[in-house]
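Read-outs throughout are calculated quantities, based only on the coordinates presented, and are distinct from any laboratory measurement. What you see is a predicted model, and the numbers here were worked out from it, not measured in a lab. As a convention, Cβ positions derive from the backbone with ideal geometry for all residues, glycine included, and neighbour counts pool all protein chains shown.
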């Protein structure tokens, strides 16, 4: 399989590390989404992997969500659906992996990036890693990523995030269960991620696999649900409202 240079995977000491980024704000074009899902799934299939760590590059945002350049180029509902299914593919690869998935969140998280964090089994973040669901501001909604976020933080907080499209700080995200831990410095973040990964790599893999299965019990229908949600987004992205909003919307730095 040919992979984009914007996604890489390494394995050492039972820890599989998948790294993405290199786009503006570590945003997620379709090719990167497909590659990220494939790398996670490939890493999960390796017998020696006991835990998967997902991280992005740089010192700016962890993930700025969907690529606005690609959203602006969508011309049909089917094309839109295929684009949004890319987010479903990443989240399902994380959820279906038998190993626990740890996500290192070093910066701000927007839109689809929040879905990646919510699909983790354990997310550790920097104190500056605020979160935002910006979809409504551009005329769509967090439909594909919604099931994972709602499951993680509950319907009330998810509804608040989805409807006001404002920023929430890392303390809010930790308080509502999106982040398992918040660290004050990049050094503390790296140490916490490494310690958690080492602990899980040394644990009984049968036990961690059973815990993982319990954590995501009841998601057997998500392939169908996320397909339906991607179709919703694929239709809405064609609206005149959304086209105007996308053209004028400023991405976070």
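Please rank 78, 121, fewest neighbouring Cβ atoms within 10 Å first, as an exposure proxy.
Numbers: 78 12, 121 21.
Going from sparsest to densest Cβ surroundings: 78, 121.
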Check your understanding: Could you give the Stokes-Einstein D for the stretch 112-192 in µm² per second, using the C-alpha Kirkwood radius, 10 °C, 1.306 mPa s?
Key -> 125
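Of all beta bridges DSSP finds with both residues in the stretch 8-114, what is the antiparallel percent, to the nearest 5? Provide the component values of the computation, followed by the final result.
Working: 5 of 16 bridges.
So the antiparallel bridges in the stretch 8-114 amount to around 30 percent.
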Review point. Angle, helix 77-96 long axis vs. longest principal axis of the chain, Cα atoms, 0 to 90°, nearest 10?
Key: 20
Check your understanding: According to a simple spin-label model (label point 7 Å from Cα along Cα-to-Cβ), what is the distance in nm between residue 247 and residue 207?
Key -> 5.9
Review point. If you take every DSSP beta bridge whose two residues both sit in the stretch 7-201, what share of them, in percent to the nearest 5, is antiparallel?
Key: 25
Study note, to complete from the structure: Check: C-alpha center the stretch 1-66 vs C-alpha center the stretch 204-241, spacing in Å is 18
Review point. Shape call for the stretch 83-223 from the C-alpha gyration tensor, a ≥ b ≥ c root eigenvalues: rounded (a/c under 1.5), prolate (a/b greater than b/c) or oblate?
Key: oblate
Exercise for review: Label the chain by shape, choosing from rounded, prolate and oblate, from the square roots a ≥ b ≥ c of the eigenvalues of the Cα gyration tensor; if a/c is under 1.5 it is rounded, and otherwise prolate applies when a/b is larger than b/c, oblate when it is not.
Suggested key: prolate
Exercise for review: Give the angle, between 0 and 90 degrees and rounded to the nearest 10, that separates the Cα long axis of helix 222-236 from the longest principal axis of the Cα atoms of the chain.
Suggested key: 30
Check your understanding: Based solely on its DSSP helices, what 222 nm [θ] is calculated for the chain when runs of n ≥ 4 H residues each add -39,500 (n - 2.57) and the sum is averaged over all residues, nearest 500 deg cm²/dmol?
Key -> -15000 deg cm²/dmol
